[in-house]
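To keep things clear, I will list the structure first and then write my remarks on it.
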């Protein structure tokens, strides 16, 4: 076996993410969740350690160092990381996979040291482009555009996946979205680390064409919450940049150059044209990322509510997700609430179709996927 199971105790995780994702407080919350459950997790922040080892470097300027010194600093810090790994049971290494700066695009790791670290999991933490943009404006002095943010994110994902496959093999890399439910995302990383027998689930549901249907949205949110209570969920709704395109389009229709949104608890002004110029990038990343989230899951559970008038709230995106999961030999479950019968495009890809969320949860309990079960209070 090329990548044998390790005999050592504990878990080692490498977490990457672009500048502006603000990984440090997120990972501190993961460590707190672990302590609350009787497990100790040590955090190693590579960036902080590099600044500590180079006290002559001003905050925010470390990438301006000559490449040779920068590489030497990183290698020295990673030696400390590996020494720490031998002394603690559970370790999360907070780092970057790539940097794009005056030296161009370059990797932020050394392959031999990653092999020696021998992490169990590699996770790329992602967030909405507008949330990253707001943090960069507030916390950093880094010239950037929305296009830059999308490119940096994609580079982190691709390179981290490459590290994972080269050192641990297929299936060791995961994308986790901070999104608006940061507490839930931190819990999912904890479960991924310490509860590997818990099923990994991709919740599938209509998004775009139900935005103006509050009752339907409430049903969808109840469905998402029910799955998140019992499983490790990789929820596509945690990263929702399509709304930026809608807001920008509405501003243009009103004849306005700028529009304001609420991000990270603050008002953020965006130029509508800056958003519309990256529309193709946003759509392309949604398409690729959602398939990746399905690939890193054990099963997909799709919720199809009934729209006013009796029609199913079924989007082409949901149908494509079901087909992708089916072709990837995942378990495929569909909750079909409309009175109309589902089409063969649904039934032929589904392992089983249920009439309600309560029914699928009961089924999961019977299969042993969830330990405790009670009928949902929020009936769909």
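Against the chain, whose longest principal axis comes from its Cα atoms, helix 316-327 is set at around 70 degrees.
Tell me, what are the semi-axes, in whole angstrom and largest first, of the equivalent ellipsoid of region 10-196 as set by the roots of 5 times the Cα gyration tensor eigenvalues? Walk me through the numbers on the way to the answer.
On the way: eigenvalues 115, 83, 52 Å².
They are 24, 20, 16 Å, listed from largest to smallest.
Summarising the overall dimensions of region 96-242 from its C-alpha atoms, the Rg and Dmax are 17.4, 53 angstrom.
Against the chain, whose longest principal axis comes from its Cα atoms, helix 182-194 is set at around 80 degrees. Taking the centroid of alpha carbons for each part, region 317-356 and region 157-217 are 20 Å apart. Between the helical axis of 146-167 and the dominant principal axis of the chain, each derived from Cα atoms, what acute angle in degrees is found, rounded to the nearest 10? The angle comes out at about 80 degrees. DSSP finds beta bridges in the chain, and of those with both partners inside it, around 25 percent are antiparallel.
With each run of n ≥ 4 DSSP H residues scored as -39500 (n - 2.57), what mean residue ellipticity at 222 nm is computed for the chain after dividing by its residue count and rounding to the nearest 500 deg cm²/dmol? Display every interim value, and only then the final one.
On the way: 14 runs with 172 residues, N = 380.
Result for the chain: -14000 deg cm²/dmol, rounded to the nearest 500.
Each principal axis of the chain carries a Cα extent, and these read 68, 60, 35 Å when sorted largest first. The order of the peptides 284-291, 314-321 by mean Cβ neighbours within 10 Å, most packed first, is 314-321, 284-291.
I need 207, 213 ordered by Cβ neighbour count within 10 Å, fewest first.
Values: 207 19, 213 16.
Placing the least packed residue first, the sequence is 213, 207.
Structural descriptor for the chain: relative contact order 15 percent, calculated from alpha carbon pairs under 8 angstrom and at least 6 residues apart. A Gaussian network model of the chain, with springs between Cα atoms under 10 Å, assigns the largest mean-square fluctuation among 136, 189, 27 to 136.
Coordinate-derived values only; no laboratory data. Everything quoted here is computed from the prediction, not taken from an experiment. All Cβ positions, even for glycine, are placed from backbone atoms using ideal geometry, and neighbour counts span all protein chains on display.
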